[in-house]
Amino acid sequence: MNVGDVGTINYAAEVAQQKRKLAKQIGDCLQPSAFDQPTRYFAPLGVVKALISRPAVRVALGYEPRAADIDPALLDYIVTEAAVLFAILVHLGLEDQILEQAMVLFQRHGVRDQSLPFEAMGHGSKLTMVDPGETIWSAERRSNFYDRQWIFLAPVFSTKHPICILEKNRILPFNLDPGPSTIDHGPHVPLRITIPRSHVEDPGNVVRIAQQPCSRFLSDQCR
């Protein structure tokens, strides 16, 4: 093996590592919901939007520097209109040409982040609509999408709308605040819950929710 071959192998390994980097970053950003039992995990919207940058998308699609350039319209669509969709597909393990083909199908059919969540309705579902021949969206891959999409669809709240109606599969973006309480509450100690800034339209308002009232309210109104 000559020096050129070694360089090619090292370069290929570096490209492969870069492709896996985004999937790892998405996996590492997942946070446990303090509300759900058993514990479910959600991806903070602000982190997802930050990770799905133009350079990251190029690498994930296989457009590393030595390759031909990506369609700029597709790149703009992914970053500005379909970042969450793209993150879901990366989390599912799609990459290179399959990932690009899936996003092209979404773009062609006008599917964007606002189209989520997708409902699992057999041949009437969004995924079978964009890919009726199942060249990408096999039954198994569709099932995985329907299950995992909720990780990326934690709701965004606003204190201007105190009552919310959510699908039962929504994962609440509640983080447990481990800070100690200095107030004696007797046998019922409230939990302090924080919400990531990207999940509150007016993050200047501090939201603290006691465990029992939160449970009753959400059971009646949001689940």
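If the condition is being surrounded by fewer than 18 Cβ atoms within 10 Å (Cβ to Cβ), closer than 15 Å to residue 107 by Cα and of a type outside the set (A, V, I, L, M), then segment 29-80 contributes 71, 72, 76, 80. Checking each residue in segment 25-46 for being assigned to a loop (DSSP other than H, G, I, E, B) and among the hydrophobic types (A, V, I, L, M, F, W, C) picks out 30, 34, 35, 43. Check whether at least one residue in segment 47-56 is part of a loop (DSSP other than H, G, I, E, B), under 30 Å from residue 177 (Cβ atoms) and in contact with a His (Cβ under 8 Å, 6 or more places away or on another chain), and report yes or no. No; the residues of segment 47-56 include none that is part of a loop (DSSP other than H, G, I, E, B), under 30 Å from residue 177 (Cβ atoms) and in contact with a His (Cβ under 8 Å, 6 or more places away or on another chain).
Given the options 94, 85, 99, 89, name the one that is within 18 Å of the chain's Cα centre (by Cα) and not in a helix (DSSP H, G or I).
Being within 18 Å of the chain's Cα centre (by Cα) and not in a helix (DSSP H, G or I) holds for just one of 94, 85, 99, 89, which is 94.
The condition of being assigned to a helix (DSSP H, G or I) and not acidic (Asp, Glu) holds for only one of 77, 63, that being 77. Restricting attention to segment 111-129 and to residues that are part of a helix (DSSP H, G or I) and of a type in the set (Ser, Thr, Tyr), the residue that is surrounded by the most Cβ atoms within 10 Å (Cβ to Cβ) turns out to be 128.
Please state which one of 197, 223 is of a type in the set (Lys, Arg), at pLDDT below 75 and closer than 22 Å to residue 45 by Cβ. Unique residue meeting the criteria: 223. Taking the listed residues 184, 177, the one that is over 26 Å from residue 49 (Cα atoms) and at pLDDT below 75 is 184, with no other qualifying.
Note on segment 89-110: residues that are within 18 Å of residue 48 (Cα to Cα) and surrounded by 13 or more Cβ atoms within 10 Å (Cβ to Cβ) total 8.
When residue 147 is tested against (1) acidic (Asp, Glu); (2) assigned to a loop (DSSP other than H, G, I, E, B); (3) modelled with pLDDT of 75 or more, just one condition goes unmet, and that condition is (2). Among the numbered conditions (1) of a type in the set (Gly, Ala, Ser); (2) over 20 Å from residue 103 (Cα atoms); (3) modelled with pLDDT of 95 or more, the only one that residue 34 does not meet is (3).
The values are calculated or read from the model by the stated rules, or taken from the named source; none is laboratory data. A quick note: this is a predicted structure, and the numbers were derived from the prediction, not measured. Here Cβ is always computed from backbone atoms with ideal geometry, including for glycine, and neighbour counts include all displayed protein chains.
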